[in-house]
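Nothing in this text is a laboratory measurement; each read-out follows from the coordinates by a stated rule. It should be emphasised that the depicted structure is a prediction, and the values quoted were computed from it without experimental measurement. For neighbour counting, all protein chains shown are included, and Cβ atoms are generated from backbone atoms with ideal geometry for every residue, glycine included.
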C-alpha cells in the first residue's frame, strides 16, 4: 500500500498523509503531477490511500473507493430527532448516560446511533481490528459535518480504537459498560448490500468466538446484542435465546443481564 494526497496539497494535508502512512506501515508517495494509476504502477502496488480535503479514500483495483459516510445512520438519527424509535436502541434498552462497547465497528453506523441515544453524558467506544478501516472511520468521525450541531456532535462522541475485540474484552473490569454490541460480517452475505462490498473485502471475516460472548457477559451490566440475519444459526450457537426481528432481513439477538 502507498499513501498520497490530492494535487497540490497544503502542508497540513501532506502532514496528515505522512502520519497515515506511518500508522499503516505504508510508504508515503508524493503526488506531484502523477495520476493515481500512475503512482500505483510506479510503486508496484495495488492499494492506495488518498488523503484529500474531503477526507480519506481507499482505492483498490477495480473496487469502488471506500470512504467514511454516515449512510443509514444519518436517516436513523433524523428519525430519532423526530421522536421515533430505533430497533437497535430498543433491543439494547439503551438509556441516556449509558456506556456502550461496539466490538465490531465497521463503518460505525451503529456506533453513531448509539452515541446519539446515549447523549452527552454517555460514551461509545468502537473497536475495529483492521487498520485501514479504523483509520478511515476515526478520521471521518472527527471531521464529517452533518449540517446539524446535535447530529454532528454524536459523530464526535464515538471513540475508535484499533484493536481485536476479544483481547480488549479480556482486559476490561467486570460490569464496566452497560451495553456490549457485536455486528460481525454475516456468515452468509446479503448480496443486495452492494454498498458493503468494498468493506467486506477488507473486514475481519472470522466468526464470532464463544469466548467473546463469555467475556461480554462478564463485562456488560445491562445487555449484550448481536446483529445477524433473521434465520442465522449464529444466535443459537452463541447462546442468544431472545431474537428480535426487524422490518428488514435482520434480527437482534439479546442477552439481558
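Below, the figures for the structure above:
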{"read-out": "Rounded tilt (10° steps) of 11-24 against the dominant C-alpha axis of the chain", "value": "60"}
{"read-out": "Computed over segment 2-65, Cα set: Rg, Dmax in Å", "value": "10.6, 30"}
{"read-out": "Mean Cα-pair separation over length for segment 127-179, i.e. relative contact order, pairs under 8 Å, 6 or more apart, %", "value": "49"}
{"read-out": "Order of 128, 145, 63 - criterion: other Cβ atoms within 10 Å of each residue's Cβ, fewest first", "value": "145, 63, 128"}
{"read-out": "Antiparallel DSSP beta bridges within the chain, percent to nearest 5", "value": "45"}
{"read-out": "Relative contact order computed over the chain (Cα-Cα under 8 Å; 6+ residues apart), in percent", "value": "15"}
{"read-out": "CD proxy at 222 nm, helix term only [per DSSP H run n ≥ 4: -39500 (n - 2.57); per residue of the chain; nearest 500]", "value": "-10500 deg cm²/dmol"}
{"read-out": "Among 246, 163, 223: highest mean-square fluctuation, GNM of the chain, C-alpha pairs under 10 Å", "value": "246"}
{"read-out": "Value in Å of the Kirkwood radius, where the chain supplies the Cα pairs that are averaged", "value": "19.2"}
{"read-out": "Candidates 207, 96, 87: whichever shows maximal mean-square fluctuation once the chain is modelled as a Gaussian network with Cα springs under 10 Å", "value": "207"}
{"read-out": "Additional length obtainable on full extension of the chain from residue 38 to residue 185, 0.36 nm per residue less Cα span", "value": "49.6 nm"}
{"read-out": "Relative contact order (%) - segment 2-65, alpha-carbon pairs under 8 angstrom, separation at least six", "value": "38"}
{"read-out": "Centre separation in Å (Cα based) which lies between segment 88-154 and segment 13-40", "value": "28"}
{"read-out": "Theoretical FRET efficiency, 1/(1+(r/R0)^6), r = Cβ-Cβ of residue 82 and residue 257, R0 22 Å, to 0.05", "value": "0.10"}
